[in-house]
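A short worksheet on the structure shown next.
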Amino acid sequence: MPVVGGYLGYRILRAIAPAEPGHMNGGSYVGRSKIEVLLGETVWSEIRNKTVIDFGCGAGAEAIEIAQRGALKVYGVDILDRWLALARKEAAKAQCENVTFSKAPAEAADVIISIDAFEHFEDPAAILELMAEMLKPKGCVLVSFGPTWYHPLGGHLFSVFPWAHLVFSEKALCRWRSHIRDDGAQRFCDVEGGLNKMTIRRFEQLVESSPFRIKWLEAIPIRPVRRFHNRFTREFFTAVVRCKLMPRSASLS
């Protein structure tokens, strides 16, 4: 439970962070493949000559890279028209013809890729059900997400310092945020993109109740505390989670 709330919490936050924090701006991926960093080098063999869905494609950079690096056909899927329009422009600019952007794919996929999304979905259980409908019977889902809720920056924008989102109340944090965002969000789930307090254990439980099984799951440690990372500390010291999901009806071999 948060220990600081109300007007006091709000005033402390305003004093600590009068402007928007500059962390988590994507700078760590400059000059690197985000897909490869988050899912590992084996991702390219997983998508080669396959029909792939990039679920939650945003501006399309990763979907385009997947299309250029061996996929037979790529469907970038997103619910926001502005992202889809931008993604189409980027694909045209890259002269990438084997990628299509829309709110729903035209066919079932061999592979679904989801990165930086499961900590944001309002109803992640429903998303797993939807993914199952979009996947071929022998397909797989490659997922990477983080930081998870108990990571030092698990509050994303709200983590004005490590674990600030656990120290201050939701109300105080949202009031502080109103000075740098004008969308009127009163809860973490109301902010742009949403924030659902996803933990590693909760994700595992969601999958257990879904049409999928976990073939493998890696909790990648935060580098400076790697030696302290274990099954007891993983919620606090994991940088990113990545895993492979398969339909329950499919073999795990």
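Each value in this text was obtained by applying a stated rule to the coordinates, not by laboratory testing. Remember, it's a predicted structure, so these values are computed and weren't measured experimentally. When we count neighbours, we look across all protein chains shown, and the Cβ atoms used for this are built from the backbone with ideal geometry, even at glycine.
Based on Cα contacts under 8 Å between residues 6+ apart, region 12-110 shows a relative contact order of 25 percent. Of the residues L80, L86, the one with the fewest other Cβ atoms within 10 Å heads the list, and the complete ranking is L80, L86. Only one residue of W163, C140, S178 has its Cα farthest out toward the positive end of the dipole of region 136-227, where Lys and Arg carry +1 and Asp and Glu -1 on Cβ, and that residue is C140. Counting neighbouring beta carbons within 10 Å and listing from fewest to most, the residues I127, I112 come out as I127, I112. Computed from Cα positions, the angle between helix 81-93 and the longest principal axis of the chain comes to roughly 50 degrees. About its Cα centre, region 152-246 has a charge dipole of approximately 480 debye under the convention of +1 per Lys or Arg Cβ and -1 per Asp or Glu Cβ, with nothing else charged.
For the chain, modelled as a GNM with alpha-carbon contacts under 10 angstrom, which of Y75, Y29, Y150 fluctuates the most? Its mean-square fluctuation being the largest, the pick is Y29. The charge dipole of the chain, taken about its Cα centre with unit charges on the Cβ of Lys, Arg, Asp and Glu (plus for the first two, minus for the last two), comes to roughly 680 debye.
Once the chain from N49 to S178 is taken as fully extended at 0.36 nm per residue, the excess over their C-alpha distance is 41.8 nm. Helices in the chain, meaning DSSP H runs of at least 4 residues, each add -39500 (n - 2.57). Divided by all residues, the mean residue ellipticity at 222 nm is -8500 deg cm²/dmol. Distance between the 7 Å Cα→Cβ label points at R227 and V37: 2.6 nm.
When +1 charges are put on Lys and Arg Cβ atoms and -1 charges on Asp and Glu Cβ atoms, the dipole computed for region 109-153 relative to its Cα centre reaches about 240 debye.
Evaluate the relative contact order of the chain (contact order divided by residue number), counting alpha-carbon pairs under 8 angstrom at least 6 apart; express in whole percent. The value is 21 percent.
Residues D116, D81 in ascending order of nearby Cβ atoms (within 10 Å, fewest first): D81, D116.
Nearest 0.05, what FRET efficiency do I16 and A106 give at R0 = 41 Å with Cβ-Cβ as r?
0.25
Any of K103/K171; K34/K136; K138/K197; K50/K103; K138/K244 with alpha carbons more than 22 Å apart? Name them for me.
Long pairs (Cα-Cα over 22 Å): K103/K171; K34/K136; K138/K197.
The string of couplings for region 57-71 from the Karplus curve (6.51, -1.76, 1.60, θ = phi - 60°) is 6, x, 6, x, 4, 6, 4, 5, 4, 4, 5, 7, 10, x, 5 Hz, one whole number per residue in order, with x for Gly and Pro.
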